[in-house]
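**Student:** Could you have a look at this structure, given as C-alpha cells, before my questions?
None of the figures in this text is laboratory data; all of them are computed from the coordinates on show. What you see is a predicted model; the values in this text were computed from it and never measured. FYI the Cβ positions are ideal-geometry reconstructions off the backbone, even for glycines, and counts take in every protein chain you see.
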Amino acid sequence: MKSAIKKYKDKKTGKRIVEINDLSFLADRNHRYNWLQRHFYNRRYKRACKKADKILALDNDIAFDINRYYFIPKYKIKVKNDISPRRNETII
C-alpha cells in the first residue's frame, strides 16, 4: 500500500487534516494483506482519524466506510471527488 493516507496541517488555521485514499485492507478480505498488516493499518488509520480535525475522503464509499468502521462523525468527513453515487442509490 503506497501513500493511502496523508497527514498534514493547514497553514492558515493550524488544523490537522488527514487524506484517505484507500481502505481496501478493511473491506476486501481476499486482498494480499495478512492479519498483522491489517491490524497495523487499522490502528494507524483509527488513530489518525481520531486526532484529525478534518478528514478528506477520495469518494463517497470511503467516507461511508470511515464513518462505519471508525465511528467518525459525518461532519468531520469531506469528500474530495464527489462523482460516485452514494450507497443505496440506483443509477438510472
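**Student:** How long is the gain from K76 to N30 if the chain were fully straight, where each residue apart is worth 0.36 nm and the alpha carbon distance is subtracted?
**Tutor:** 13.6 nm
**Student:** Taking a cut-off of 20 Å between Cα atoms, list the lysines near K15, but don't count ones fewer than 8 places away on the same chain.
**Tutor:** Counting by Cα, and skipping residues close in sequence, K15 has these lysines nearby: K6, K7, K46, K50, K51, K54, K74, K76, K78, K80.
**Student:** Distance in nm between label sites at F40 and D10, each 7 Å beyond Cα in the beta-carbon direction?
**Tutor:** Spacing of the two 7 Å Cα→Cβ label points: 3.2 nm.
**Student:** I've got another one for you. Ranked from highest to lowest mean number of other Cβ atoms within 10 Å per residue, what is the order of the peptides 46-52, 69-75? Intermediate results must be reported in sequence, preceding the final value.
**Tutor:** Details: 46-52: 14.9, 69-75: 12.6.
The most tightly packed comes first, giving 46-52, 69-75.
**Student:** Starting from 0.36 nm per residue, how many nanometres of slack lie between D22 and K51 once their C-alpha separation is accounted for?
**Tutor:** Additional length available on full extension: 8.6 nm.
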